[in-house]
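Reviewing the structure listed below.
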Amino acid sequence: MTQRTKIVQILASKETGAPVLVKGWVRTKRGNKAVSFIALNDGSTINNIQIVADPNLFDEELLKNITTGACISVEGTLVDSPASGQGVEVQAKTIELLGGADNTYPLQKKGHTLEFLREIAHLRPRTNTFGAILRIRHAMAYAIHEYFNKKGFCYWHSPLITASDCEGAGSMFQVTTLDLQNPPKTEDGQINYAEDFFASHTNLTVSGQLEGELGAMALGEIYTFGPTFRAENSNTPRHLAEFWMVEPEMAFYDIKDNMDLAEDSIKYFVKYALDNCADDLAFLEKMYDNELTDRLKFVTENDFIRLPYTEGVEILEKSGKKFEFPVGWGLDLQSEHERYLVEEHFKKPVILTDYPKEIKSFYMKQNDDGKTVRAMDVLFPKIGEIIGGSEREADYDKLYNRMVEMGIPTDSMSWYLDTRRFGSAPHSGFGLGFERLLLFVTGMANIRDVIPFPRTPRNAEF
Ligand code: 4AD
Ligand code: MG
């Protein structure tokens, strides 16, 4: 027998009496002179399989080396388990130690803090918590592709290295091969980017949207799903310097169609987790967040509130609540304001629309009032903003003028303006922060705990 069976399949199997080969990492070993119980996990499920070994059948040295963290391969027979709470266990015939782990293995006992686990991010996937989170992360990525594929969207790859700044926020990581000690200079003493690798000043992308729009204006409906990078120095539980974003972009969609897609897709993703990640969600609910399933169901079962920014600000002003940051028409909303609207006022997810143009990006469709743009942010309980998007300005002149007003270089962005010169069409799109979605679905409180290796200010370890 050479084929190993994954523990998730073994635990679901009713074939007692059958031979099995199982491989995994030892979580615990206990027992006495007459019997050893090894709890083994291979990452395929949150649940362990119990290996039962008769010490008389095995070398004493081998059994001694089967310690927490060690990796073993076990051939044996699947039998009914007399222990409660587990259907089957494996009666071991042969055990091979694939890799030992001495007592310096940092995950000896249970109950480490999340802060400590961040310091050992290379090992934390072996804990129950991170196993659960990372399986859910995979399931959500799969659900995203499934959803858009079913809807006939094309998976589109925007470049990661770019010479433009989508959000115009200027918080970008520069990409260069120039010698930083001794960069080439132009005659007037500036750094000469003509001599850089791409013969221009380049950055890691903050969003795949602008190139995504080019895709939508050819293929109709596209989505990106890839890493994006922001050098903003925000050390919060909701910001990463490297995060993954899902960005659908659709020709012929107006803001209403855009909101419908945002609401429908996010409900689909959350429902996918409820339907497919039950064991992992139950674990996280028990350990970290006893309202998790209720909150997830609540989102799938309720309509989102749709409301103009102006009315949102009025509600905040009338709330009588003391916020840390000021509230007023024209000011951007902070996460405390967003959460007030969602958690305390409406008690439902909220889609806020028609923000003041000054606090939003240059590409958003301008409303007739001359003051607001057709932006939409989806606000979620515990998270605040989970999606940001808009209908796009499809009119060449309006877009051009707004770019000039906001100091966006129109020369180097002529390729973007070309979509409005040749066969322009109403179109819309949005960006869903993948880790924000995972924060919501897993109930975790810190975005550093829903990505294997978080990148944050002053930290690029592993
Ligand atoms: O609101 P943002 O900045 O919008 C855009 O980038 C648009 N170009 C999207 C589009 O219309 N195609 O970012 C979109 C979402 C936010 O709502 C948030 O969920 C997430 O990306 N996000 C972050 N997630 C983690 N860390 C950060 N630093 C994030 N910044 C934004
Ligand atoms: Mg935003």
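Every number here is computed from the coordinates shown, using simple stated rules; none is lab data. What you are looking at is a predicted structure, and each value in this text was computed from that prediction instead of being measured. Here Cβ is always computed from backbone atoms with ideal geometry, including for glycine, and neighbour counts include all displayed protein chains.
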If packing is taken as the mean number of other Cβ atoms within 10 Å per residue, what is the order of 191-203, 363-375, highest first? 363-375, 191-203
Taking neighbour counts of Cβ atoms within 10 Å as a proxy for exposure, in what order, fewest first, do 88, 350 appear? 88, 350
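For segment 13-54, what does the alpha-carbon gyration tensor say about shape, rounded, prolate or oblate, given a ≥ b ≥ c as the root eigenvalues, a/c under 1.5 as rounded, and a/b over b/c as prolate?
Working: a/c = 2.37, a/b = 1.20, b/c = 1.97.
Here segment 13-54 falls in the oblate category.
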Charge tally for neighbours of residue 111 with beta carbon under 14 Å away, counting Lys, Arg as +1 and Asp, Glu as -1, is +4
In degrees, nearest 10, range 0 to 90: what is the angle between the Cα axis of helix 292-301 and the longest Cα principal axis of the chain? 50 degrees
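What number in nm² do you get for the chain if you take the convex hull of its Cα atoms and divide its surface by four?
Working: hull surface 112.0 nm².
If you wrap the Cα atoms of the chain in a convex hull and average its projections, you get 28.0 nm².
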Say R0 is 25 Å: what FRET efficiency, to the nearest 0.05, do residue 398 and residue 157 get from their beta-carbon distance? 0.30
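How would you order 282-289, 305-312 from highest to lowest mean count of nearby Cβ atoms within 10 Å?
Result, highest mean Cβ count within 10 Å first: 305-312, 282-289.
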If packing is taken as the average count of other Cβ atoms within 10 Å, what order do 438-450, 50-62, 388-400 fall into, highest mean first? 438-450, 388-400, 50-62
Nearest 500 deg cm²/dmol is fine: what mean residue ellipticity at 222 nm does the chain get from its DSSP H runs of n ≥ 4 alone, each adding -39,500 (n - 2.57), divided by its residue count? -9000 deg cm²/dmol
Normalised by the number of residues in the chain, what is the relative contact order in percent for Cα pairs under 8 Å and 6+ residues apart? 13 percent
Longest principal axis of the chain (C-alpha) makes with the long axis of helix 278-287 (C-alpha) an angle, in degrees to the nearest 10, of 90 degrees
Would you work out if segment 306-459 is rounded, prolate or oblate? Take a ≥ b ≥ c from the square roots of the eigenvalues of the alpha-carbon gyration tensor; rounded if a/c is under 1.5, else prolate when a/b is larger than b/c, oblate otherwise. oblate
Is segment 122-280 best put as rounded, prolate or oblate by its Cα gyration tensor, with a ≥ b ≥ c the root eigenvalues, rounded for a/c under 1.5, and otherwise prolate when a/b is larger than b/c, oblate when not? oblate
To the nearest 10 degrees, the tilt of helix 128-150 (Cα long axis) against the first principal axis of the alpha carbons of the chain is 50 degrees
